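This report refers to the structure that appears directly beneath it.
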Amino acid sequence: MSTEGLAAWQNLPFDCCQRIVDAGSRAILHSPDAPDEEELFVATARSIRLVCAAWRDAGASSVVRLRLGGLGPLSASRPLAAVFPELRCLDLSAFGGLRDEGVALLGGCRGLEKLQLAAPGLTAAGLQAVSAMFPVLRCFWLGVAGSDAVTEEGLTAVAAGLPGLMRLELQGCSRLRNERLGPLLGRMGRLRHLDLSNCLNLLDSCLTGLASLSSLASLKMRGCWKVSGEGLGVLAPPALQLRFLDLSECKVTDAGLHQVATLTSLTRLYLARSWDVRAPGLAALSRLTRLAVLDLSQTNTDNTGVAEMSVGLTVSLTDLDLSATLINRHGVCALAAALPRLRRLKLNKCPGLDDDALLHLASLSCLRRLHVRHCRNLSDSAATGLAAALPRLQHFELDGCWAVAMATMDRLYGRPHAEWRRAGDGVDDEGGGWEGEAEGCA
């Protein structure tokens, strides 16, 4: 058997190992001196180690990461810990059939640190059992498929049973009520990452309860359409050192952006599809002097907003997304003059972008990635000339630019997955921001 095409153990069905040897073991099972089922499983797991390195690790009971699409052959006599005693990370997001009575099958893995669930049938009692079962759990995801089942009672059990929790994702938990959620979350004193995306009942007032989370570094509230940002001031330093904030698809106002500007530790800010963003509020963002990544795509950002915002971001900003905004050559001129250290810039679907705008981008000598998809006022010669003027450019995306030849698009597409880093750069906790910037860009 060739091992080159074999998938990693974690991505195979849970009982794949047992199924492979089923045919060969039937005769043994029917013999008078046949071993019991558990002994047979252990024996076959040892035999299957010869197939490839990934299965060898599994057969040696050293699997630490596991993704399951179901509970397979688990039973009360053989829970998960009996098969994978060293398990540290368990992903059950593809299995929506977990119910309270099935939680016991996950027992015994006392060292589990990361757990991902999608369990619409899991009640508050089930969450309480999970919390008691995994005392050292650090990261807990409740998938969108199971979000409707999460209530304040279940979250209370999680807060009481998992005092060491550092990451909690509650995407789409629309049953959580604003007036109770803040105080509940405030009891999880070690939280560093909190995802409340699409929790539709939340208001700015729930943010007050988060002020006691002194370790909180990342907050996602994408799709919380009732949140304007006007309550974020309570999370400002020195109370918190928030570094990542996602308010995409929220009703962020100018007053809300002034509160965002008080979060001076931010390195990444996402405001995509926040339609109430305007120039007066954007001007306040110039106070975020550590900001490295900013997403303003599909907002009403205009030339004035870009010019006023960019003044204070000269040293820090490396990633900027202005796709589908109102800027034209004047806005591009302002950002090119104020943000010389930009490495990644997105200007997709900007109808005001033309050849004159591209000329201004030629001064961005640090630029590595440029996206101008579906900008239909750009010519082939302007795109070619800009690429020649940017010697560090690795990826230039021109799909949908009608006047640019296909041969030019293919040639300038470059290396879309190339990533460039400088010694001393650090990736923030969410995996994409940049810190520790040195002088210059190379």
Please enumerate, by chain and number, the lysines with C-alpha under 16 Å from the C-alpha of Lys226, excluding those fewer than 8 residues away in the same chain.
Lys251
For Arg192, Arg268, which order do you get if you count the other beta carbons within 10 Å of each Cβ and list the fewest first?
Arg192, Arg268
How many angstrom separate the Cα center of the range 285-340 from the Cα center of the range 162-227?
29
Expressed in nm to one decimal, what extension gain is obtained for the pair Val136 and Leu200 from 0.36 nm per residue of sequence separation less their Cα-Cα distance?
20.0 nm
Projected onto the charge dipole of the range 278-420 (+1 at Lys/Arg Cβ, -1 at Asp/Glu Cβ, origin at the Cα centre), which of Thr318, Leu345, His371 gives the Cα projection farthest towards the positive end?
Thr318
Restricting to lysines and to Cα separations under 29 Å from Lys114, and discarding same-chain partners fewer than 8 apart, the set is Lys220
For the range 118-215, rounded, prolate or oblate, judged on the Cα gyration tensor with a ≥ b ≥ c (square roots of eigenvalues), a/c < 1.5 rounded, else prolate if a/b > b/c?
oblate
Size of electric dipole in the range 278-420: Cβ of Lys, Arg +1 and of Asp, Glu -1, about Cα centre, debye, nearest 20
400
Cα gyration tensor, the range 278-420 - rounded (a/c under 1.5), prolate or oblate
prolate
Contact order normalised by residue count of the range 278-420, Cα under 8 Å, 6+ apart, percent
17
Hey, what do the phi angles of the range 269-281 turn into as Karplus ³J(HN,Hα) couplings, whole Hz, using 6.51/-1.76/1.60 and θ = phi - 60°, x for Gly and Pro?
9, 10, 10, 4, 6, 9, 6, 8, 5, 9, 4, x, x
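No lab work stands behind these numbers, since they all come straight from the coordinates. Fair warning: this is a prediction, and the values are worked out from it, not measured in the lab. With ideal geometry, Cβ positions are generated from the backbone for all residues, glycine too; neighbour counts draw on all protein chains shown.
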